[in-house]
Every structure is written in C-alpha cells, then in structure tokens.
Amino acid sequence: TTSNFFGRASDADWDVVGNGPLYGSIWLKVSNNSSNQELLYIAKSDATVRFDIIINNDGTLGGEHFGDGTETSVSSTQRYDDGAWHKADLVRVSNNELHFYVDGVSMGTSTTDAGSLSDSGNLPLGIGARNDGSGSLPALDCYLSLCKLSATAPTAAQIKAMYEAEKGLFVASAKCL
C-alpha cells in the first residue's frame, strides 16, 4: 500500500554512483495488475534522478535510469502479470549503457547517455513503492522477494547463471535448498 512497503534512507553505497555501474534485481509474482507499480526504486523526491524497476499497467516490465541528463529505459514486450514468479534484472554499466533482463533473457539495451546518478544524501530506496515520502505507485498486486542492489555490472552470462541458480526457490514444490 502507500504506507506498507520497505524503505531505506539514502546510502553512500548508491547515492554517489556517478557514471559508474549499478545493478538491481528482484523476484516478483503478479496477477492481472491494472496500474503502474514500483518494484525497486531509488530516486530523488522529485524523481529527476532515479533508477527503478517497474511493472507497467499493461503487465510488461521495465527498467529505467534518469541521471542528471535524459531518461533512458528498456521494457519487455511480453506480459508478466501471469501469476508466476519472474526475475527482473536492471544493469547500469555506465551513464550511457543500460541493460534489462527478465528470467535471465535480455529485453534490450539502451545506449542513451542519461547522465550521472548522484545526489549525496537524497536518493532513498523503496521496495514495493516509491520511498520519496509519498509511497506512490505501490505494488498492490505483487509478491516480491530477493531484492538485490549492487554497485557492480554483471554480464549477461552472470545474469543467466543467477537466474538458473535461484529459480528453484520459486517452484510450487520448493523445499529448503
């Protein structure tokens, strides 16, 4: 809800990334959503600097980066609001290279220069909603798990290997692995 989500204050681990790498990942299970819903969100309160993974109102998934320049984003064309578990990975290699993956498969790349991702002390983290004081775009129709954030840029092979290693946790008959 707009008040029930995970939030954390800005942190030096991600609020001064500059033009360097940043990686976000989250597992999600969504059924028939009808609104844009934030899954992983790091942003200034006015959203002029942000890095986020979102499920769109049409069931597609997307990732975006908006630094001190232009917004850039990559989205899936397939719907993922099918009630099954999926893994979304957003990899920012630099200010001008962004990759988005779903279930270990590339959804595309953007080479638009989106500028620096920095605003020391002003980029709070939200999981399941925006953590900018508004709690807007809550993930009302979502189950979320295993959120990861790192100042690294995994390769496509590493993204696929992480997906393969983790997917057993989300099968219907999963036991302790």
Checklist line | As computed over region 24-98, the Cα convex hull volume per residue (Å³) | finding: 84
Next item on the list: Per DSSP H run of at least 4 residues, take -39500 (n - 2.57); add these up for the chain, divide by its residues and hand me the 222 nm value, nearest 500 deg cm²/dmol.
Entry: -2000 deg cm²/dmol
Note to self: At 1.4 Å probe radius, can you tell me the per residue accessible area of region 83-177 in Å²?
What the structure shows: 47
Note to self: What are the equivalent ellipsoid semi-axes of region 108-177, built from the alpha-carbon gyration tensor (square roots of five times its eigenvalues), in whole angstrom, biggest first?
What the structure shows: 27, 21, 12
Margin query: Taking each pair of distinct Cα atoms in the chain once, what is the resulting Kirkwood hydrodynamic radius in Å?
Written below: 15.9
Checklist line | Computed magnitude of the charge dipole of region 1-145 (debye, nearest 20; Cβ of K, R +1, Cβ of D, E -1) | finding: 260
Next item on the list: Return the single residue from Thr72, Thr155, Thr60 with maximal mean-square fluctuation; model: Gaussian network over the chain, springs between Cα atoms under 10 Å.
Entry: Thr155
Next item on the list: Enumerate lysine pairs in the chain that are 8 or more residues apart or on different chains, then count those whose Cα atoms are under 12 Å apart.
Entry: 4
Notebook entry, point to check: For the peptides 47-53, 105-111, what is the packing order when you average, over each peptide's residues, the other Cβ atoms within 10 Å and list the highest mean first?
Noted result: 47-53, 105-111
Check: Given charges of +1 on the Cβ of Lys and Arg and -1 on the Cβ of Asp and Glu, with all other atoms neutral, how large is the dipole of region 117-177 about its Cα centre, in debye to the nearest 20?
Finding: 220
Check: In whole percent, how big is the carbon plus sulfur part of the accessible area of region 105-154, probe 1.4 Å, protein atoms only?
Finding: 50
Notebook entry, point to check: In a shell of Cβ-Cβ distance under 11 Å around Tyr163, excluding Tyr163 itself, what net charge do Lys and Arg (+1) and Asp and Glu (-1) give?
Noted result: -1
Item checked: Neighbourhood net charge (13 Å Cβ-Cβ; Lys/Arg +1, Asp/Glu -1) for Ala151 -> -1
Note to self: Between 0 and 90 degrees, rounded to the nearest ten: what's the tilt of helix 156-166 against the longest Cα principal axis of the chain?
What the structure shows: 40
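The values are calculated or read from the model by the stated rules, or taken from the named source; none is laboratory data. Nothing here was measured: the structure is a model prediction, and the numbers come from that model. So basically every Cβ, Gly included, is an ideal-geometry build from the backbone, and we count neighbours across all protein chains shown. When the accessible area is computed, the model is the full protein with side chains, heavy atoms only, and any ligands, DNA or RNA have been set aside. Shrake-Rupley method; radii C 1.70, N 1.55, O 1.52, S 1.80 Å.
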